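The block underneath contains the structure these notes are about, expressed in structure tokens.
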Amino acid sequence: MVQDIDFPTIIRSITKRIQLLTERYGGQMNTDVAMKACELANQISPTSAGLYLNEMHRYSSRKRESVDWSGMLGSLTFEGELSPFIPWLNAARILHIGRNSTFGCGQIDMVYRSM
């Protein structure tokens, strides 16, 4: 599980999730645009991070054992030219990213501030 989350990691996760969903369910994604977004993400700087590991377990009746359900909670703040990333970030609000996203985990929310 990734515990050091930066902006390029977030954008890579979003583009990968969208690519996997379009491959599985149809549609298309412009991979050149996704690669460009991943390159541009390196120019975004973090200003603060307040993440922590929330350890949880659940019981799986199918496996008949406890399953790790841990994940990261908290907030991150970034600065830079975020305009090219707004469509990707808005998609991530709906599709979720990261671990256990098929179970509804991996939710993210954004607050945009103009300076």
Margin query: Let me see the P(r) profile for region 1-55: every Cα-Cα distance counted, bins of 10 Å, each bin given as a percent of all pairs.
Written below: 21, 42, 28, 10
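For the chain, what is the charge dipole size about the Cα centre, in debye to the nearest 20, if Lys and Arg each add +1 at the Cβ and Asp and Glu each add -1 at the Cβ?
So the dipole magnitude of the chain works out to roughly 540 debye.
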Notebook entry, point to check: FRET efficiency for SER75 and THR9, Cβ-Cβ distance as r, R0 = 25 Å, nearest 0.05?
Noted result: 0.95
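Check each of the chymotrypsin sites (Phe, Trp or Tyr not before Pro) in region 8-115 and keep only those in coil by DSSP with at most 11 other C-beta atoms within 10 angstrom; list them in order.
Passing sites in region 8-115 are TYR112.
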Next item on the list: Express the accessible area of region 1-71 per residue in Å², computed with a 1.4 Å probe while the remaining protein chains stay in the model.
Entry: 74
Next item on the list: Any chance you could get the radius of gyration and Dmax over the Cα atoms of the chain, in Å?
Entry: 15.6, 52
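The values are calculated or read from the model by the stated rules, or taken from the named source; none is laboratory data. Treat the numbers as computed from the prediction; the structure is a model and nothing was measured. In this analysis, Cβ positions are derived from the backbone assuming ideal geometry, glycine residues included, and neighbour counts consider all displayed protein chains. Ligands, DNA and RNA are excluded from the accessible area calculation, which covers all protein heavy atoms including side chains. Shrake-Rupley method; radii C 1.70, N 1.55, O 1.52, S 1.80 Å.
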